[in-house]
1. Where a ≥ b ≥ c are the square roots of the eigenvalues of the C-alpha gyration tensor, would you call the range 3-107 rounded, which needs a/c under 1.5, or, failing that, prolate if a/b is larger than b/c, or oblate?
2. List the residues whose amide H sits under 5 Å from the amide H of I4, counting only those 5 or more places along or on another chain, with H placed 1.01 Å from N in the peptide plane.
Amino acid sequence: MTEIRTLQPHDPLPDGPAVILMRRFEEDNPKQVMMELIVIQKNQSEHNSRLLTETGEPLPWADAVKEAETQARDAGLHHVYHVDRTAGPREREIASHDGDRTVGMDKLDDDDLEEGERGSDMRDMKLNEAPRRF
């Protein structure tokens, strides 16, 4: 039996060889969720496929797992990675606002405190030393 290994919403994807079942938002319609199957070969080549029903809806979880297990078995792997990219706190907030990615923007910053760097902020006008030519 194939083992399902669950990754956290923002975890990096594993290097190949690997079979990854990813639940994520549609790129063109952030209100809709899709299931994607990613197969990474030993040589790091990658094949992605959207898992859809005959009517074009996202494949149900149980069917998506069966497809991922088949791919893993064909590749000689004993586990499938699963990641739900819609399950992070920021993603849930965006989903609750119908895909509006501007919600809660005041909470976001561009700081890299591990490196001791504070990101730019439009409120830091004193740091804007660009010459004015009016």
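Values in this text are rule-based calculations from the coordinates and carry no lab data. Just so it is clear, the structure is predicted and the values come from calculations on it, not from any experiment.
1. On the way: a/c = 2.38, a/b = 1.66, b/c = 1.44.
Here the range 3-107 falls in the prolate category.
2. Amide H neighbours of I4, under 5 Å, 5+ apart: V80.
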